[in-house]
Amino acid sequence: MTQENAQQINLLNIAGNNAGNKIQINHGNSGQSDSDNDAQNDAENKIRDVIIAGSGPAGYTAAIYLGRAGYKPLVIAGALTPGGQLVNTTEVENYPGFPDGVMGPDLMDSMQKQAEKFGAEIVFDDVVSVDFGDGSDAGALKTVTCDQGEVYQAPAIVVTTGSNVRKLGVPGEKEYSGKGVSYCATCDGFFFRGKPIVVVGGGDSAFTDAEFLTRFGSSVTLIHRREEFRAAKILVERAKANDKMSFILDSVVDKISGENGSAKSATVRNVKTGETTEVPAAGVFVAIGNTPATEFLNGALELDEKGYIKVDGASTRTSLPGVFAAGDVVDSVYRQAVSAAGMGCRAALDAQEYLDSIK
Ligand code: NAP
């Protein structure tokens, strides 16, 4: 018997012994019809030893560790942007091990391959709801439901769903989304060759995006609501030295206007003087941060006041036993690819300890 088979059987036993489970596993042939058996087999096929929801650096690192530990993690990687935020980034210069930098999508592709090499199964779907129970039953199966209707169960869950882009919430943003308004410079920059571009934000993303967009735009104007930037000094200095870039500070975008169905300009208001200016903008790239992706939890786990999942001290244990969380969905402070990867490693070790304890 392989280690993998042994674990699968242990876990099915765990499932079968739990009174509070939502499905009952029956290994014997007890006179059931073929269709009963088919339904049962299907249910068993949807039981995994551990499910990882999310596929950024935290999710794939957790998968690599759990895979190497002999488990067979299921990674529900997301339908739209598997790999997370780094897939929408250009060059990453601060991920250790890459002295010449690495393209965000290439880094995530490598992480995915590494997770698969150690046995992770990856599905490209979104978790839309969960039933984690009330935590009273050690080792109980937790249920996750995906957008395509698939339902999976496991005694251990690692939540690494990261965060969603924050929107400006101004008139014209929705209307011109995909017609000038974009949240992904690497995806859409190419469409604005020779045209004026506006980038909104003052963090690392806004500066990384703006620098990338100077390859395409006739001009790139960075609009930021304060005078000081949150971005790393090296990025700010590079941007200031770039002839194509200009800055409008202490200012916010109040409205995005268009012509013939495409964005044409942004109405920009100085927050100190109240003065408004119409800034030409065929492309408006919004890079004002993210909000934790926790809606699908629907109250299943305790969140902090900003909506991030609460964990127990330096561990990745959430408010429910057997459910762990890592990366940007937990971390409102550091939010780096490498810190998310480190936390994914901790989540895997915490999940392993839990799985061992319920055998
Ligand atoms: P961020 O650091 O949270 O910065 C968001 C920026 O948007 C801030 O300047 C903020 O202004 C501004 N902002 C927020 N809400 C706004 C609103 N409603 N209207 C106008 N402006 C608004 O987000 P980020 O730049 O996406 O970075 C997220 C994390 O990823 C950070 O930890 C960053 O270091 C990391 N990251 C790293 C790299 C890299 O190393 N290559 C690249 C990208 C991102 P205030 O400053 O006034 O709050």
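The numbers here are math on the coordinates, done by the rules we state, and not lab data. Since we're looking at a predicted model, the values are computed, not measured. Quick reminder, even Gly has a Cβ in these numbers, built from the backbone with ideal geometry, and neighbours come from all protein chains shown.
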#### Entry: Per-pair calculated FRET efficiency, R0 = 35 Å: Ala314 and Val151 via Cβ, rounded to 0.05
0.60
### Task
Could you check the simple spin-label distance between Phe124 and Ala79, using points 7 Å along Cα→Cβ, in nm with one decimal?
1.2
### Task
At 0.36 nm per residue, minus the direct Cα-Cα distance, what do Ser262 and Ser218 gain on full extension? Give it in nm, one decimal, please.
14.1 nm
### Task
Find the lysine pairs in the range 181-288 meeting two conditions, Cα atoms under 23 Å apart and a separation of 8 or more places or different chains, and report how many there are.
9
#### Entry: For Ser163, residues with placed amide H under 5 Å, excluding near neighbours
Ala293
### Message
Between Arg238, Arg269, Arg166, where does the largest GNM mean-square fluctuation fall for the chain, given springs only between Cα atoms within less than 10 Å?
### Response
Arg238
### Query
Val170: net charge of surrounding residues, Cβ under 11 Å, Lys/Arg +1, Asp/Glu -1, itself excluded?
+1
### Message
Can you list residues from other chains, or at least 5 along the same chain, whose modelled amide H is less than 5 Å from the amide H of Ile223?
### Response
Val199, Val200, Gly201, Ile248
### Task
Amide H neighbours of Val284 under 5 Å, at least 5 residues apart or on other chains, H built in the peptide plane: list them.
Val181, Ser182, Val198
### Task
Pairs to check: Lys179/Lys306; Lys72/Lys359; Lys142/Lys310; Lys72/Lys142. Give those whose C-alpha atoms are more than 21 Å from each other in this structure.
Lys179/Lys306
#### Entry: For the range 222-237, Karplus couplings with θ = phi - 60° (6.51, -1.76, 1.60), whole Hz, Gly/Pro x
9, 10, 9, 6, 10, 8, 8, 9, 7, 5, 4, 4, 4, 6, 5, 5
### Task
Kindly write out, for the range 242-247 in residue order, the coupling ³J(HN,Hα) from the Karplus curve 6.51 cos²θ - 1.76 cosθ + 1.60 (θ = phi - 60°), rounded to whole Hz, with x marking Gly and Pro.
8, 4, 7, 9, 9, 10
### Message
Restricting to DSSP H runs of at least four residues, report the calculated mean residue ellipticity at 222 nm for the chain, -39500 (n - 2.57) per run over all residues, nearest 500 deg cm²/dmol.
### Response
-8500 deg cm²/dmol
### Query
In whole percent, what relative contact order does the chain give with Cα contacts below 8 Å and a gap of six or more residues?
19
### Query
How much length is gained on full extension from Asn164 to Arg238, taking 0.36 nm per residue of separation minus their Cα-Cα distance?
23.9 nm
## Note on the structure
Rg (one decimal) and Dmax (whole number) from the Cα set of the range 163-302, in Å, equal 15.1, 50
